[in-house]
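As structure tokens, the structure follows; a few thoughts come after it.
The values are calculated or read from the model by the stated rules, or taken from the named source; none is laboratory data. Since we're looking at a predicted model, the values are computed, not measured. No Cβ is skipped: glycine too gets one built from the backbone with ideal geometry, and neighbour counts run over all protein chains shown. Accessible surface areas use protein heavy atoms only, side chains included; no ligands, DNA or RNA. Shrake-Rupley method; radii C 1.70, N 1.55, O 1.52, S 1.80 Å.
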Amino acid sequence: SSAWEHTTIYKNPGKFLVGNEFIWADSAYPLQTWLVAPYKKPLRDLPENEEFNNHVSMVRIRSEHAIGFLKGRFKSLKGLRVKIQDKRTHRLATYWVIACIMVHSFAMKCEEEENED
């Protein structure tokens, strides 16, 4: 979380988040109005906070399953061999992930159309 505090998004969330947008995080991150994380002890033991933590956990699990599914479909994402050293290599890695997501979306649409026939 200390590295997180040195990121641009932490220092200037308004540059990345619009309106009521927020970021899901795990309990290692400090709460912010734009960063939602599970409650920690002792507050997590309150019934309403326990329910909230369960919902946050369900979202996190779905997100992890989606990433796992993409890694299963696109083996190149398992060991993305781009050493992120600067803006250019960061952009390259980002574009590669986005391209995989787009191809996956296209494949899902095609599979859906095939099943309708």
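Table for the structure above
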quantity: C-alpha long axis of helix 47-73 to longest principal axis of the chain, angle in °; calculated: 20 degrees
quantity: Å² per residue, accessible surface of the range 19-95 at 1.4 Å; calculated: 80 Å²
quantity: Tensor-based shape of the range 9-68 (alpha-carbon gyration tensor, a/c under 1.5 rounded, otherwise prolate or oblate); calculated: oblate
quantity: Rounded tilt (10° steps) of 87-116 against the dominant C-alpha axis of the chain; calculated: 70 degrees
quantity: Cα centre as origin, Lys/Arg/Asp/Glu Cβ charges: the chain dipole, Debye; calculated: 980 debye
quantity: DSSP-loop trypsin sites (Lys or Arg not before Pro) across the range 44-95, with at most 13 other Cβ within 10 angstrom; calculated: K78, R81, K83
quantity: For the chain, calculated [θ]222 nm from helices alone, where every DSSP H run of n ≥ 4 adds -39500 (n - 2.57); calculated: -18000 deg cm²/dmol
quantity: Area accessible to solvent at Y39, 1.4 Å probe radius, in Å²; calculated: 80 Å²
quantity: Amide proton proximity set for L35, modelled H, under 5 Å, gap of 5+; calculated: I23
quantity: Set of lysines with alpha-carbon distance to K71 below 30 Å, sequence-local pairs under 8 removed; calculated: K15, K83, K87, K109
quantity: Hull-based mean projected area of the range 75-116, where the convex hull spans the alpha carbons, in square nanometres; calculated: 3.1 nm²
quantity: Value in Å of the Kirkwood radius, where the chain supplies the Cα pairs that are averaged; calculated: 17.3 Å
